[in-house]
Protein chains: 2
Amino acid sequence: MSQTRQLHLGAFMRPVSIHTGAWRYPGAWPDANFNLAHITRLARTLEAAKFDAFFMADHLAVLNMPIEALKRSHTVTSFEPFTLLSALAMVTERIGLVATASTTYDEPYHIARRFASLDHISAGRAGWNIVTTGNPETSFNFGSDQHLAHATRYARAREFYDVVTGLWDSWADDAFVRDVEQGLFFDPDKLHVLGHEGEHLSVRGPLNIGRPVQGWPVIVQAGASDAGRQLAAETAEVIFGSEATREGGKAFYADVKGRMAVVGRDPDHLKILPAAFVVVGETVEEARAKRAHLDSLVHYDSGIRSLNIMLDYDVSGFDPDGPLPDIPESNASKSARDRTVALARRENLTIRQLAARAGSYAGLAFVGTAKTIADEMEAWLDERASDGFNVMFPWLPGGLDDFATQVVPELQRRGIFRKDYEGTTLRDHLGLPRPENRFFAKAAREVESEAAGDQPAG
Amino acid sequence: MSQTRQLHLGAFMRPVSIHTGAWRYPGAWPDANFNLAHITRLARTLEAAKFDAFFMADHLAVLNMPIEALKRSHTVTSFEPFTLLSALAMVTERIGLVATASTTYDEPYHIARRFASLDHISAGRAGWNIVTTGNPETSFNFGSDQHLAHATRYARAREFYDVVTGLWDSWADDAFVRDVEQGLFFDPDKLHVLGHEGEHLSVRGPLNIGRPVQGWPVIVQAGASDAGRQLAAETAEVIFGSEATREGGKAFYADVKGRMAVVGRDPDHLKILPAAFVVVGETVEEARAKRAHLDSLVHYDSGIRSLNIMLDYDVSGFDPDGPLPDIPESNASKSARDRTVALARRENLTIRQLAARAGSYAGLAFVGTAKTIADEMEAWLDERASDGFNVMFPWLPGGLDDFATQVVPELQRRGIFRKDYEGTTLRDHLGLPRPENRFFAKAAREVESEAAGDQPAG
Ligand SMILES: Cc1cc2nc3c(=O)[nH]c(=O)nc-3n(C[C@H](O)[C@H](O)[C@H](O)COP(=O)(O)O)c2cc1C
Ligand SMILES: Cc1cc2nc3c(=O)[nH]c(=O)nc-3n(C[C@H](O)[C@H](O)[C@H](O)COP(=O)(O)O)c2cc1C
């Protein structure tokens with residue numbers, strides 16, 4: 001089994017399934033998005049299914065939809081990621097815990113500290129999904145009426161990453177000697193003061209928490225624009241991709257892994273996991289019927305408004321049964337717009353048809369039986385279109401249970417997905433190396449975790 | 001028992017005991033400050049002893065001591081409060097969880113969201129200790145080389161409080177109707193967009209999480225300057241006081257409760273809990289010997305430097321065996337300086353003697369047997385010098401275990417401390433009302449908690 005390439009699976013857990021009709025599906029939990037008992041149950045199911053990570057999406061504003069669409073959506077509210085994932089760390093033992101955090105609307109000292117703390121609390125299971133935040137209305141919640149331009153957001157993100165990783169390296173792994181006899185708590189030679197002064201950020205350090213268990217929590221990235229890919233090639237260890245077709249996936253995979261070579265990184269040190277919306281049925285027809293039923297639960301009022309957001313352009317004035325007009329450039333997410341336009345052109349969809357997809361889910365979907373889904377996943381893996389997937393469940397808990405009980409065993413039978421965890425940290429699950437401390441590269445290999453030892457469940 | 005005034009007890013859990021020698025005390029856990037298994041054990045002991053709250057201090061920088069002092073202190077590193085308290089919410093059931101968060105170095109949207117999330121996760125046990133951050137070096141970690149002036153910090157804090165509480169009230173308690181049939185997730189009439197535009201902050205809202213279980217998490221305040229008292233009188237529901245004598249405590253108590261009347265608040269809606277360092281012995285002599293031994297574990301190098309910080313003035317050039325010179329005003333914590341100067345004058349201490357106290361703990365201390373300690377606590381309560389205490393343990397776990405097994409039963413025997421929790425939320429423990437939603441004051445009283453229902457331990 002160690003010879004066959006292995007799939008890695010993340011679970012994209014918010015907005016629950018992205019699908020705005022999900023909460024109305026028969027058997028769904030209408031409050032699944034913010035009921036702790038439910039989320040605990042979902043995390044444990046994912047862990048029993050040996051997922052690499054529970055991935056918590058995040059937004060720093062109520063989604064920018066008109067109230068007529070918003071009032072129909074379960075995505076308006078959610079737990080905050082750090083508080084939720086720390087709680088989940090105590091009721092799970094192995095699954096990785098990936099939190100989304102913005103480099104545009106937060107401070108590197110806070111981010112470095114919180115991820116270090118989550119990594120200590122979870123004994124090495126934390127990951128940071130770096131986002132630059134696409135929703136321009138977020139700025140209104142943070143004292144500004146102007147969202148930073150796309151290029152500036154990415155330039156700041158790159159510098160932010162340097163600062164955060166530099167802060168994680170404030171202390172050598174073996175800095176805390178705790179010599180009771182001499183009264184020496186730490187060795188001052190093993191403390192580094194960052195003293196960063198850059199274009200966007202100035203941060204002195206040191207961090208007031210010891211080096212994370214994993215050295216650095218796993219770096220995840222989901223941007224898809226040119227700037228997003230470049231940031232990923234330079235920094236990411238996991239990409240949550242958004243290619244909608246296998247051909248697109250292969251091109252993306254080759255592009256990003258090629259960029260890694262240019263910057264001198266080992267392509268194996270990055271796992272590309274496209275987002276995939278998965279609907280499982282006993283037959284392909286049943287799966288399609290499930291999806292059709294789910295889509296029918298999205299109101300047209302919501303669909304057209306979701307479409308406007310994806311395009312960052314109001315198309316509600318055009319003929320709903322005509323084709324999509326030309327869509328201008330914007331300062332919001334380029335890749336969301338490009339993907340949506342490409343979908344319309346590729347499948348020759350009317351605005352009405354496209355709105356239905358936009359209001360549900362317009363990206364890569366595997367809709368079929370455990371076998372057809374496993375076939376597709378295997379093909380993506382074999383053809384190097386991906387290293388696994390970031391799975392989105394159509395509704396909860398049913399869509400997740402179907403995946404766990406039907407698709408996972410099929411993948412395991414084929415020898416392309418683990419039957420059990422082999423290590424304890426998220427880096428172990430993903431086969432990623434523990435980063436050297438850049439300031440104490442040759443320090444003792446014996447990792448002293450502050451939170452390790454006889455700790456409880458989490 | 002409901003007739004006798006009751007003590008309220010918080011546990012001040014970081015820096016562990018404030019006492020920089022604590023980690024060297026026989027039987028102490030040198031890593032107690034950041035070992036999750038240890039902290040879990042401490043939280044459970046406090047809950048078994050029926051404490052109102054576990055109070056997590058916090059600082060956004062490594063303490064500003066010279067390296068020669070710093071390297072001897074266990075206070076350099078700690079878990080981040082929100083990640084820690086969310087984890088502790090899952091291993092406790094009743095005890096309140098108070099996190100410290102700064103109004104100077106954070107954003108109200110983040111703060112409102114995180115406390116709401118912690119309150120949902122803990123089913124109504126969150127409290128916010130509002131601090132303006134005294135350590136001027138914190139600014140270096142947040143992109144500025146200039147700490148805000150004391151008055152500006154407090155003006156911002158006051159506005160910050162308005163914004164945070166306004167964001168908590170974004171949604172009526174019964175906003176989320178989740179009408180599956182009609183496809184209506186929430187009632188748009190029960191959503192309020194804050195639209196705050198103030199002198200220091202501009203925040204649109206709404207918050208992307210439902211109203212906290214407690215309406216608002218409990219508001220805690222620890223500032224002691226005139227501006228600090230005024231902020232407390234206007235906003236706080238708990239004060240962690242810092243008066244070192246019962247006379248001072250009475251004056252403080254009368255002053256703040258008097259200020260409340262002026263602003264039209266009910267004085268019972270604020271509990272004043274001075275910080276108290278408690279050392280328990282079988283005899284008073286044994287308790288004093290314990291403290292003397294503990295103090296002897298603080299190096300003079302640390303003591304003199306801690307003293308300089310408290311005074312925000314370097315006195316190491318003066319004769320150690322002479323009296324304290326006049327100390328000028330500064331921009332850092334006025335009350336710490338005033339208290340330290342007062343202690344020196346009151347007990348006629350030399351710089352050397354004062355340094356020993358500064359390096360250990362210079363504030364209110366109860367050093368004696370369970371009986372003498374209970375006598376003192378009862379006297380403070382009876383004379384309205386306080387409504388309870390924020391207890392600091394001299395070392396862990398021993399100092400806490402002594403308190404839990406000896407002092408708590410004595411207080412219970414006297415009928416001034418609960419034998420069991422009567423309610424489930426921190427507001428219940430403290431006898432505080434649940435705030436009305438300022439935008440939906442007459443909304444249904446039936447509180448719909450997003451996280452309530454069949455949730456697990458936490
Ligand atoms: C699977 C997936 C998950 C994402 N999760 C988030 C998220 O939680 N929060 C967020 O602000 N953006 C999220 N994004 C958006 C990306 O961060 C990014 O903004 C978007 O893909 C557009 O890329 P670009 O900014 O490079 O154009 C996600 C994207 C994908 C594909
Ligand atoms: C018991 C107690 C706990 C405190 N905890 C913190 C803390 O965790 N973080 C912090 O920055 N300041 C803390 N402080 C400091 C106060 O917030 C405040 O800055 C200090 O008492 C000085 O008051 P002033 O700013 O009104 O002069 C604490 C003070 C007391 C008495």
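The values are calculated or read from the model by the stated rules, or taken from the named source; none is laboratory data. Note that the coordinates shown come from a computational prediction; the quantities given were computed from them, not determined experimentally. Ideal geometry is used to build each Cβ from the backbone, glycine not excepted, and the neighbour counts take in all protein chains shown. To get the accessible areas, we keep the full protein, side chains included, count just its heavy atoms, and leave off ligands, DNA and RNA. Shrake-Rupley method; radii C 1.70, N 1.55, O 1.52, S 1.80 Å.
Can you pull out the residues in the stretch B:170-206 that are assigned to a loop (DSSP other than H, G, I, E, B) and free of Cβ contacts under 8 Å to residues at least 12 places away in the same chain? Steps first, please.
To start, the set of residues in the stretch B:170-206 that are assigned to a loop (DSSP other than H, G, I, E, B) comprises B:170, B:172-178, B:180-183, B:185-187, B:192-195, B:198-201, B:204-206.
Of everything in the stretch B:170-206, those that are assigned to a loop (DSSP other than H, G, I, E, B) and free of Cβ contacts under 8 Å to residues at least 12 places away in the same chain turn out to be B:VAL177, B:ARG178, B:VAL180, B:GLU181, B:GLN182, B:GLY183, B:PHE185, B:GLY195, B:ARG204.
Restricting to the stretch B:23-32, name every residue that is more than 9 Å from chain A (Cβ to nearest Cβ) and closer than 21 Å to B:GLU80 by Cβ.
Scanning the stretch B:23-32 gives B:TRP29, B:ALA32.
Quick check on the stretch B:167-188: of everything there that is more than 12 Å from chain A (Cβ to nearest Cβ) and either in contact with a Leu (Cβ under 9 Å, 6 or more places away or on another chain) or open to solvent by less than 10 Å² (accessible area, probe 1.4 Å) (or both), which residue is nearest to B:ILE219 (Cα to Cα)?
Checking each candidate, the answer is B:TRP168.
From the list B:THR77, B:THR92, B:THR83, B:THR103, which one is modelled with pLDDT under 95 and hydroxyl-bearing (Ser, Thr, Tyr)?
B:THR77
Just checking, how many residues over the stretch B:230-253 are more than 12 Å from the chain's Cα centre (by Cα), open to solvent by less than 20 Å² (accessible area, probe 1.4 Å) and not aromatic (Phe, Trp, Tyr)?
Count: 6.
Looking at (1) at the interface with another protein chain (Cβ under 8 Å from one of its Cβ atoms); (2) in contact (Cβ under 8 Å) with a residue 12 or more places away in the chain; (3) in contact with a strand residue (DSSP E or B) (Cβ under 7 Å, 6 or more places away or on another chain), find the lone condition where A:ALA157 falls short.
Evaluating A:ALA157 over (1) at the interface with another protein chain (Cβ under 8 Å from one of its Cβ atoms); (2) in contact (Cβ under 8 Å) with a residue 12 or more places away in the chain; (3) in contact with a strand residue (DSSP E or B) (Cβ under 7 Å, 6 or more places away or on another chain) leaves (1) as the failure.
With the requirement that a residue be touching a residue at least 40 places away in the same chain (Cβ under 8 Å) and within 12 Å of another protein chain (Cβ to nearest Cβ), what does the stretch B:141-154 give you?
Matches in the stretch B:141-154: B:ASN141, B:PHE142.
When you go through (1) away from ligand 1 (no atom under 16 Å from the Cβ); (2) in contact (Cβ under 8 Å) with a residue 12 or more places away in the chain one by one for B:ILE209, which number turns out not to apply?
(1)
Residues to consider are B:ASP321, B:ASP295, B:ASP312, B:ASP255; find the one that is at pLDDT 95 or above and among the charged types (D, E, K, R). Give the steps one after another, and end with the answer.
Working: B:ASP321 fails: at pLDDT 95 or above; B:ASP295 fails: at pLDDT 95 or above; B:ASP312 fails: at pLDDT 95 or above.
None of the other options fit; the residue is B:ASP255.
Which of the numbered conditions does B:PRO212 fail, given that it passes all the others? Conditions: (1) in a helix (DSSP H, G or I); (2) over 20 Å from B:HIS150 (Cα atoms); (3) open to solvent by less than 30 Å² (accessible area, probe 1.4 Å).
Condition not satisfied by B:PRO212: (1).
How many residues does the stretch A:46-64 hold that are closer than 29 Å to A:ASP402 by Cβ, open to solvent by 30 Å² or more (accessible area, probe 1.4 Å) and part of a loop (DSSP other than H, G, I, E, B)?
3
Condition test on B:ALA61, is it in contact (Cβ under 8 Å) with a residue 12 or more places away in the chain and more than 7 Å from every other protein chain (Cβ to nearest Cβ)? Break it down into steps so the answer makes sense when it comes.
Working: in contact (Cβ under 8 Å) with a residue 12 or more places away in the chain: yes; more than 7 Å from every other protein chain (Cβ to nearest Cβ): no.
Criteria not met by B:ALA61.
For the stretch A:328-342, does any single residue satisfy the condition of being closer than 17 Å to A:THR245 by Cβ and free of Cβ contacts under 8 Å to residues at least 12 places away in the same chain?
Scanning the stretch A:328-342 turns up at least one residue that is closer than 17 Å to A:THR245 by Cβ and free of Cβ contacts under 8 Å to residues at least 12 places away in the same chain.
Select from the stretch B:364-381 the residues that are closer than 27 Å to B:SER306 by Cα, within 23 Å of the chain's Cα centre (by Cα) and open to solvent by less than 20 Å² (accessible area, probe 1.4 Å) and list them in ascending order. Break it down into steps so the answer makes sense when it comes.
The first filter runs over the stretch B:364-381 and keeps only residues closer than 27 Å to B:SER306 by Cα, leaving B:364-368.
Keeping just the survivors that are within 23 Å of the chain's Cα centre (by Cα) gives B:364-367.
Hits for the stretch B:364-381 are B:LEU364, B:PHE366.
Take the residues in the stretch A:413-427 that are touching a residue at least 24 places away in the same chain (Cβ under 8 Å) and part of a helix (DSSP H, G or I), then tell me which one is nearest to A:PHE55 (Cα to Cα). Before the answer, list the steps.
Within the stretch A:413-427, the subset touching a residue at least 24 places away in the same chain (Cβ under 8 Å) is A:414-421, A:424-427.
Filter again for part of a helix (DSSP H, G or I), leaving A:426-427.
Values: A:LEU426: 12, A:ARG427: 15 Å.
Of everything passing the filter in the stretch A:413-427, A:LEU426 is nearest to A:PHE55 (Cα to Cα).
How many residues, within the stretch B:306-327, are among the hydroxyl-bearing types (Ser, Thr, Tyr) and touching a residue at least 40 places away in the same chain (Cβ under 8 Å)?
The number of residues fulfilling the criteria is 1.
Only one of B:ALA355, B:ALA287, B:ALA344 is of a type outside the set (Asp, Glu) and in the same structural domain as B:ASP382 (by TED's automatic domain parsing). Can you tell me which?
Just a single option satisfies the conditions, and that option is B:ALA287.
I'm checking my understanding of the structure. Among residues of the stretch A:84-103 that are in contact with a strand residue (DSSP E or B) (Cβ under 7 Å, 6 or more places away or on another chain) and within 11 Å of chain B (Cβ to nearest Cβ), which one is nearest to A:ILE121 (Cα to Cα)?
My answer is A:ALA89.
Could you list, in sequence order, all residues of the stretch B:309-334 that are under 26 Å from the mean Cα position of the chain (by Cα) and open to solvent by less than 30 Å² (accessible area, probe 1.4 Å)?
Once the filter is applied, which keeps residues that are under 26 Å from the mean Cα position of the chain (by Cα) and open to solvent by less than 30 Å² (accessible area, probe 1.4 Å), the stretch B:309-334 yields B:LEU311, B:SER330, B:ALA332.
Tally up the residues in the stretch B:104-113 that are within 8 Å of chain A (Cβ to nearest Cβ), assigned to a helix (DSSP H, G or I) and within 21 Å of B:THR138 (Cα to Cα), please. Reasoning before the result, please.
First, the residues of the stretch B:104-113 that are within 8 Å of chain A (Cβ to nearest Cβ): B:105-107, B:109-110, B:113.
Checking the rest, the ones that are also assigned to a helix (DSSP H, G or I) come to B:109-110, B:113.
Subsequent filtering for residues that are within 21 Å of B:THR138 (Cα to Cα) retains B:109-110.
Total satisfying the criteria: 2.
Going through the stretch A:123-137 one residue at a time, which ones are modelled with pLDDT of 95 or more and within 9 Å of chain B (Cβ to nearest Cβ)?
The one that is modelled with pLDDT of 95 or more and within 9 Å of chain B (Cβ to nearest Cβ): A:ALA123.
Given B:ARG384, B:ARG357, B:ARG337, B:ARG345, which one is under 22 Å from B:PRO66 (Cα atoms) and open to solvent by 20 Å² or more (accessible area, probe 1.4 Å)?
None of the others qualify; the one that does is B:ARG357.
Out of curiosity, is B:LEU194 more than 30 Å from B:ALA87 (Cα to Cα) and of a type in the set (A, V, I, L, M)?
When the stated conditions are applied, B:LEU194 passes them.
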